[in-house]
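J.: Got a structure here, written out as structure tokens. Questions coming.
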Amino acid sequence: MSELIRQYLVSAIVIASAWAPTAAGISLIYGVLRYPNFALGEFMTLGGYLTLGLSAGFGMPLPLAALIAVIAAGFVSLAVDQTAFRAVRRAGILPPILLSLGLMLILQNVVRAFWGNGAWQLDLPLTRPYDWLGFVITPYQLMCIAVSVLAIGASYMVLLRTRFGKAVRALADNPDLALVSGIEPEPVYAGVAFMAGLLSALGGVLLGLQSVLTPLMGWDSLLPAFAVAILGGLGNLMGAGVAALIVALAGEYSLLFVQSSYKSAVAFVVLALILIVRPAGILGGRS
Amino acid sequence: MSMISAAPQTAGRLLGEALVAGYREMEILHGVSIAVAGGEFVTVLGPNGSGKSTLLKTLCGLLTVKRGAIWLLGNDVTRASARDRLLAGMCYVPQVRGVFASMSVMENLEMGAFAKRASEVSDAFERVFTYFPRLAERRRQIAGSMSGGEQQMVAIGRALIASPSVLLLDEPSAGLSPAAVDDLFGRIRNIANDGVSIVLVEQNAAKALEVSDRAYVLADGVNRLEGPALHVLHDPEVRRLYLGGD
Ligand SMILES: Nc1ncnc2c1ncn2[C@@H]1O[C@H](COP(=O)(O)OP(=O)(O)OP(=O)(O)O)[C@@H](O)[C@H]1O
Ligand SMILES: [Mg+2]
């Protein structure tokens, strides 16, 4: 029993490391552009498969393949934002939601068309797991956690310190005041879309490192990632990190009580419970 | 209501000529005109919903001009973006949500200078701190956690950082105590005395008119009255409408 409890803790932290960047992307888009982007789950899939394609297909070393993949996904997100989403910028919340659903289907089917419906594995050299006081964790899992923490931390610092980050925060906080302060919104929106696409794709790469790639990996992560983003407070990147841990812990420890097929429902229950108690999320909105 | 303007009059620092504007299909301003000279302090009065805020939003570039023209320092800015109007010398403080609530006082001021080079605004911070010394003490405080009066100082400070030649202020006295209103209007008068033209929208008609040079009265999106502040202050209709009668 106590070994299970240890192992669930490790699994929760590891899966949280994949959800957190995606949730940060969702949070960022919502915070600035004010719509839930349901396509960001598919950017996870895209990130995972592009990494696969570049490493297996072109023989690139995995870190380089992953880097190019997430940057490419960022540019895909930027391109879609500056064309389709930009065209409906002033049309309210519904058109961008519908667009994001359409984009979700397109991306999912593009991945299927290239790689089929089966599962793929990134080509990772075999390693020996570490065992610390009964906590068993593989080097790849450790790497996932480190990369995730770094990505969230770096994004946070970008928002906090850079000129771009200040413009992002100003637009999220008070769009009209940002306009009359001389901020041109479109380049900022483009940057936000790039960051969100990149972060989500990174979440997909991390997920791929932990398990296998399937065309539904992004779809399966969508609900938990949204639960995490909302729980963390939409627009709040650090909140996304903390919330990812909470949702993942709840999901893993629920296995002590319910069958694993109910695991994804747990994310939803946690979300509902916390929203009832604190509608703005655990760490409040924005930052 | 049509007004045919001759050769553009460039003597004024800010001119709004027969402005028609509003929200989407809804027209609110049906041809409002306003003229402000250099360093002049102009107050705009009018009942709730008469279009005062709409006029300022149109002047600063948040709303598009359907007809009419806006001249700033002799340049036609009718179609210019809010950013270009700021760079041309006009800054705006909105009626509500005039600060970036999640940002510190310093960050709010920095945002006001966002469109300018750091070298262009290096003195501006000191100048804002001389108008509002309290802001210098509270640099690190998050604006959303400040009192209403302090937030209003941050809001005006943010607009002043870009060193405007015209400052548009929408009801900065809202929610302030009478003493705080006197204090604030005194500071705004100082800003005007330093050569910045002021367009102040106000509900506190009597107090605003006492410190201003000239005033406009709007009603239902048209000019109703204009003149030297003291004339407007003593106009029977204005007294009846805004100053509680007698
Ligand atoms: N964002 C908006 N969308 C649609 N209509 C608006 C909007 N803002 C204001 N209006 C309408 O425009 C008219 C003029 O509003 P405006 O805010 O300019 O009045 P005001 O003179 O500033 O009033 P107050 O003294 O109450 O601030 C009102 O009828 C108002 O309902
Ligand atoms: Mg108003």
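The values are calculated or read from the model by the stated rules, or taken from the named source; none is laboratory data. Quick caveat, the model's predicted, so the values are computed rather than measured. All Cβ positions, even for glycine, are placed from backbone atoms using ideal geometry, and neighbour counts span all protein chains on display.
J.: So if I check each of B:44, B:93, B:105, B:128, which one is touching a residue at least 40 places away in the same chain (Cβ under 8 Å) and farther than 25 Å from residue B:228 by Cβ?
T.: B:105
J.: Ok, one more. Identify, from the list A:10, A:14, the residue that is more than 12 Å from the chain's Cα centre (by Cα), buried (at least 24 other Cβ atoms within 10 Å of the Cβ) and of a type in the set (A, V, I, L, M, F, W, C).
T.: Step by step, each of A:10, A:14 is checked, and only A:14 is more than 12 Å from the chain's Cα centre (by Cα), buried (at least 24 other Cβ atoms within 10 Å of the Cβ) and of a type in the set (A, V, I, L, M, F, W, C).
J.: Of all residues in region A:215-235, how many are outside any helix (DSSP H, G or I) and under 16 Å from residue A:105 (Cβ atoms)?
T.: 2
J.: Sticking with this structure for a sec: Take the conditions surrounded by fewer than 17 Cβ atoms within 10 Å (Cβ to Cβ) and under 28 Å from residue A:84 (Cα atoms) and apply them to residue A:34. Does it pass?
T.: So residue A:34 fits the description; yes.
J.: Within region B:155-190, restricting attention to residues that are under 18 Å from residue B:115 (Cα atoms) and β-branched (Val, Ile, Thr), which residue is nearest to ligand 2 (Cβ to nearest atom)?
T.: Out of the qualifying residues, it is B:156.
J.: So in region B:98-135, with the set limited to residues that are within 10 Å of chain A (Cβ to nearest Cβ) and within 19 Å of the chain's Cα centre (by Cα), which one is modelled with the lowest pLDDT?
T.: B:113
J.: Additional query: Among (1) within 20 Å of residue B:191 (Cβ to Cβ); (2) more than 16 Å from ligand 1 (Cβ to nearest atom); (3) out of contact with any helix residue (DSSP H, G or I) (no Cβ under 7 Å at 6 or more places or on another chain), which single condition is residue B:56 missing?
T.: Residue B:56 satisfies all of (1) within 20 Å of residue B:191 (Cβ to Cβ); (2) more than 16 Å from ligand 1 (Cβ to nearest atom); (3) out of contact with any helix residue (DSSP H, G or I) (no Cβ under 7 Å at 6 or more places or on another chain) except (2).
J.: Return yes when residue B:233 is within 21 Å of residue B:37 (Cβ to Cβ), at pLDDT below 95 and crowded, with 20+ Cβ neighbours inside 10 Å and no when it is not.
T.: Against the criterion (within 21 Å of residue B:37 (Cβ to Cβ), at pLDDT below 95 and crowded, with 20+ Cβ neighbours inside 10 Å), residue B:233 qualifies.
J.: Can you name the residue in region B:34-52 that is within 15 Å of ligand 1 (Cβ to nearest atom) and surrounded by fewer than 19 Cβ atoms within 10 Å (Cβ to Cβ) and is also farthest from the other protein chains (Cβ to nearest Cβ) among such residues?
T.: Filtering region B:34-52 for residues that are within 15 Å of ligand 1 (Cβ to nearest atom) and surrounded by fewer than 19 Cβ atoms within 10 Å (Cβ to Cβ), the one farthest from the other protein chains (Cβ to nearest Cβ) comes out as B:47.
J.: For region B:193-204, how many residues are away from ligand 1 (no atom under 16 Å from the Cβ) and either free of Cβ contacts under 8 Å to residues at least 40 places away in the same chain or farther than 17 Å from residue B:59 by Cβ (or both)?
T.: 3
J.: Please pick out the residue among B:134, B:187, B:117, B:140 that is on the phi < 0 side of the Ramachandran plot and touching an Asp or Glu at 6+ places or on another chain (Cβ under 9 Å).
T.: Residue meeting the stated conditions: B:134.
J.: Then there is this: Looking only at region B:63-97, count how many residues are in a loop (DSSP other than H, G, I, E, B) and more than 7 Å from chain A (Cβ to nearest Cβ).
T.: Here the count works out to 14.
Here's the yes/no breakdown for (1) within 16 Å of ligand 2 (Cβ to nearest atom); (2) charged (D, E, K, R); (3) closer than 22 Å to residue B:21 by Cβ; (4) away from chain A (no Cβ under 14 Å):
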| residue | (1), (2), (3), (4) |
| --- | --- |
| B:192 | no, no, no, yes |
| B:202 | yes, yes, yes, yes |
| B:210 | no, yes, no, yes |
| B:213 | no, yes, no, yes |
| B:221 | yes, no, yes, yes |
| B:226 | no, yes, yes, yes |
| B:232 | no, no, no, yes |
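J.: Given the structure, is residue A:267 touching a Pro at 6+ places or on another chain (Cβ under 8 Å), at pLDDT below 90 and hydrophobic (A, V, I, L, M, F, W, C)?
T.: Judged against the criteria, residue A:267 is a match.
J.: Here's something else I'd like to know. Quick one: count up the residues across region B:124-174 that are among the small types (Gly, Ala, Ser) and buried (at least 16 other Cβ atoms within 10 Å of the Cβ).
T.: Within region B:124-174, residues that are among the small types (Gly, Ala, Ser) and buried (at least 16 other Cβ atoms within 10 Å of the Cβ) number 10.
J.: Can I ask one more? Mind checking which pairs have a first residue in region B:160-180 that is away from chain A (no Cβ under 14 Å) and a second that is within 12 Å of ligand 1 (Cβ to nearest atom) and of a type outside the set (Ser, Thr, Tyr), Cβ under 6 Å, 6 or more apart or different chains?
T.: B:171/B:95; B:171/B:201; B:173/B:204
J.: Residue B:208 - would you say it is more than 16 Å from ligand 1 (Cβ to nearest atom) and either buried (at least 23 other Cβ atoms within 10 Å of the Cβ) or not in a loop (DSSP other than H, G, I, E, B) (or both)?
T.: Against the criterion (more than 16 Å from ligand 1 (Cβ to nearest atom) and either buried (at least 23 other Cβ atoms within 10 Å of the Cβ) or not in a loop (DSSP other than H, G, I, E, B) (or both)), residue B:208 does not qualify.
Residues checked against (1) part of a helix (DSSP H, G or I); (2) surrounded by 21 or more Cβ atoms within 10 Å (Cβ to Cβ); (3) within 14 Å of chain B (Cβ to nearest Cβ):
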{"residue": "A:149", "(1), (2), (3)": "yes, no, no"}
{"residue": "A:152", "(1), (2), (3)": "yes, yes, no"}
{"residue": "A:158", "(1), (2), (3)": "yes, no, no"}
{"residue": "A:183", "(1), (2), (3)": "no, yes, yes"}
{"residue": "A:187", "(1), (2), (3)": "yes, no, yes"}
{"residue": "A:195", "(1), (2), (3)": "yes, yes, no"}
